[in-house]
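Colleague: Can you read through this structure? Questions will come right after.
The values are calculated or read from the model by the stated rules, or taken from the named source; none is laboratory data. Worth saying up front: this structure is predicted, and the values here are computed from it rather than measured. FYI the Cβ positions are ideal-geometry reconstructions off the backbone, even for glycines, and counts take in every protein chain you see.
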Amino acid sequence: MMSFSKIINSMKNRKVLIIGDLILDRYIFGKVLRISPEAPVPVVEVVEETDLLGGAANVANNIIALGGAVSIAGIIGNDPAGRRVAELFRQKAIRMDGVIEDNRPTTVKTRVIAHNQQVVRFDREDDKRLEGKRLITLLDYLKKAVPKHDAVIISDYRKGIVSASLVKTIMKYAKPGDTFVAVDPKVGHFHFYKNVSLITPNLAEASQGSGVEIRDEKSLIKAGRTMLSRLSCRSVLITRGEDGMSLFMGSDSSRDMKVTHIPTVAKKVFDVTGAGDTVIAAFSLARCAGASPVKAATIANHAAGIVVGEVGTAVATPEQLMNSLSNCRI
C-alpha cells in the first residue's frame, strides 16, 4: 500500500488537462472605520488589491502548486481582465493552447474584504452558451489534447463553456481505464456527466442533482447511491463543509457499494472560496499518482483544510500536505 509521502512525491509532473469556466478573482482588501453618511453602509478604506486565478483557472493553480503539469482550455475575453488571466497563466507556466479569445467579457468576481470578512461581492459575466466556430475550435482542441493527459478535470461554473457535447467529446477521446476524468458539477448539468471517474458535489448540489433531500446519514447515502446509478460513474465525493466529506464507490445494482465518511481536519476557517477547486485537484492528482480512492479523498480533505484557513483563493503545497498528513494513519 502506497504511503502518503510516496503518493505526494509521485504527483510531480503528472499531466492534467483542465477544461471549464475561466474566472479572474479580484480581491480588494481594506478596513472599516466608519459608516457612510450617504447610506447605512460601511465605508471601506482600500489598502490592497490583488488578482488571482478563479474557477477552472484556480483548479489549474492548485495542480501547479501540488507539482503537476497543466494545460488549460476555456474562454477569455479580449479585455484587460482576459489579458490579466493570460499573464497569470504565463507566470505559473500553465499551457494555454486551449484558451480561446472571445468577444464576451472575461468573467470577473470582485470581493471586498475588510477585517478578514467579505463585505460584498460583485460579478461581471456573460454566461451565454458557447456555440458556432468557438465551440468547434474548442472541441477540435480536446480531441487532440485529451489522450495526451493523465487526467482531465471539468470545472463547471455554469458560465456557458461546459455542455453535453463537450463532455461527450472528452469521454470519447479519454483512454479507457487510463485517463481519470473528474467533474466539479453544477446543478442543471448533472445529466452531462455520465461515465466519468468522479464527481465532487457539495451538499446542496448533491441534494438537487440526486433529487434526494439530504437531512441525515440515511438520505445522504441514498443521494450518493442515486448519483452513482444515474451517472454510471466510478465515485462520488460529497463535500460537507464542517462535517468533512463522504466518498461513495460502487453502483446502485451492487450490494457492495462502499461509503467512507472523512471528518474535516480544518482547524480554522477564514474563507471557503475555491475549496472545491482544491478538493478536485488534489483528489485527481493523487489518483494519477496511484492512490486508492480513500487515500485520494483523505489527501483532498487535508488540502481543503489548509486552504480554508487562508483569506482569498489559496492553494496547498506538497510540504503543507506532508505536514498535515504526518499523523494520519490509513
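Colleague: Could you identify the single residue in Asn61, Asn103 that is surrounded by fewer than 14 Cβ atoms within 10 Å (Cβ to Cβ) and under 27 Å from Leu166 (Cβ atoms)?
Modeller: Asn103
Colleague: Additional query: Here are the criteria: (1) closer than 25 Å to Asp156 by Cα; (2) in contact (Cβ under 8 Å) with a residue 60 or more places away in the chain. Tell me which single one Ile113 does not satisfy.
Modeller: In the conditions (1) closer than 25 Å to Asp156 by Cα; (2) in contact (Cβ under 8 Å) with a residue 60 or more places away in the chain, Ile113 misses (1) alone.
Colleague: Going through the stretch 112-126 one residue at a time, which ones are in contact with a Lys or Arg (Cβ under 9 Å, 6 or more places away or on another chain), surrounded by fewer than 13 Cβ atoms within 10 Å (Cβ to Cβ) and either among the hydrophobic types (A, V, I, L, M, F, W, C) or assigned to a loop (DSSP other than H, G, I, E, B) (or both)?
Modeller: If the condition is that a residue be in contact with a Lys or Arg (Cβ under 9 Å, 6 or more places away or on another chain), surrounded by fewer than 13 Cβ atoms within 10 Å (Cβ to Cβ) and either among the hydrophobic types (A, V, I, L, M, F, W, C) or assigned to a loop (DSSP other than H, G, I, E, B) (or both), then His115, Phe122 are the ones that fit.
Colleague: Could I ask something else about it? Looking at the stretch 127-160 only, could you name the residues that are under 18 Å from Ile63 (Cβ atoms), in a loop (DSSP other than H, G, I, E, B) and not hydroxyl-bearing (Ser, Thr, Tyr)?
Modeller: His149, Asp150, Asp156
Colleague: Another question, if that's okay. Being in contact with a Leu (Cβ under 7 Å, 6 or more places away or on another chain) and more than 19 Å from Asp156 (Cα to Cα) is the filter here, so list the residues in the stretch 186-233 that pass it.
Modeller: The answer is Ile214, and nothing else.
Colleague: Among the residues of the stretch 23-40, is any aliphatic (A, V, I, L, M) and touching a Pro at 6+ places or on another chain (Cβ under 7 Å)?
Modeller: Looking only at the stretch 23-40, we keep the residues that are aliphatic (A, V, I, L, M), and these are 23-24, 28, 32-33, 35, 39.
Adding the requirement that they be touching a Pro at 6+ places or on another chain (Cβ under 7 Å) leaves 32, 35.
Yes, the stretch 23-40 has at least one match.
Colleague: Based on this model, can you work out whether Phe248 counts as at pLDDT below 95 and of a type in the set (Phe, Trp, Tyr)?
Modeller: It is false that Phe248 is at pLDDT below 95 and of a type in the set (Phe, Trp, Tyr).
Colleague: Which residues, taken from the stretch 286-330, are within 11 Å of Ile8 (Cα to Cα) and of a type in the set (A, V, I, L, M, F, W, C)?
Modeller: Correct list: Ala286, Cys288, Ala289, Ala291, Ala296, Ile299, Leu321, Met322, Leu325.
Colleague: Checking the structure you have, find out if any residue of the stretch 252-263 is modelled with pLDDT of 85 or more and surrounded by 18 or more Cβ atoms within 10 Å (Cβ to Cβ).
Modeller: Within the stretch 252-263, one or more residues are modelled with pLDDT of 85 or more and surrounded by 18 or more Cβ atoms within 10 Å (Cβ to Cβ).
Colleague: Another question, if that's okay. Just give me the residues in the stretch 208-223 being surrounded by 20 or more Cβ atoms within 10 Å (Cβ to Cβ), out of contact with any Asp or Glu (no Cβ under 9 Å at 6 or more places or on another chain) and under 17 Å from Gly188 (Cβ atoms), in sequence order.
Modeller: Passing the criteria: Gly209, Ser210.
Colleague: For the stretch 202-225, which positions are within 19 Å of Pro293 (Cβ to Cβ) and in contact with a helix residue (DSSP H, G or I) (Cβ under 6 Å, 6 or more places away or on another chain)?
Modeller: Matches in the stretch 202-225: Ala206, Ala223.
Colleague: Taking the stretch 178-213 only, how many residues are under 22 Å from the mean Cα position of the chain (by Cα), part of a loop (DSSP other than H, G, I, E, B) and either farther than 18 Å from Thr278 by Cα or acidic (Asp, Glu) (or both)?
Modeller: Of all residues in the stretch 178-213, those under 22 Å from the mean Cα position of the chain (by Cα) come to 178-210.
Pick out the ones that are also part of a loop (DSSP other than H, G, I, E, B) and you get 178-179, 185-189, 193-197, 200-201.
Okay, now just the ones that are also either farther than 18 Å from Thr278 by Cα or acidic (Asp, Glu) (or both), so 178-179, 187-189, 193-196.
Qualifying residue count, the stretch 178-213: 9.
Colleague: Here's something else I'd like to know. Looking only at the stretch 214-236, count every residue that is in contact with a Pro (Cβ under 9 Å, 6 or more places away or on another chain) and outside any helix (DSSP H, G or I) and tell me the total.
Modeller: Total meeting the criteria: 3.
Colleague: If you don't mind, another one. With the requirement that a residue be under 17 Å from Lys168 (Cβ atoms) and among the polar types (S, T, N, Q), what does the stretch 180-206 give you?
Modeller: Asn195, Ser197
Colleague: Select, from Leu142, Leu166, Leu138, Leu203, the only residue that is surrounded by 14 or more Cβ atoms within 10 Å (Cβ to Cβ), touching a Lys or Arg at 6+ places or on another chain (Cβ under 8 Å) and not charged (D, E, K, R). Spell out how you get there, then give the answer.
Modeller: Working: Leu142 fails: touching a Lys or Arg at 6+ places or on another chain (Cβ under 8 Å); Leu166 fails: touching a Lys or Arg at 6+ places or on another chain (Cβ under 8 Å); Leu138 fails: touching a Lys or Arg at 6+ places or on another chain (Cβ under 8 Å).
Of Leu142, Leu166, Leu138, Leu203, the one residue that is surrounded by 14 or more Cβ atoms within 10 Å (Cβ to Cβ), touching a Lys or Arg at 6+ places or on another chain (Cβ under 8 Å) and not charged (D, E, K, R) is Leu203.
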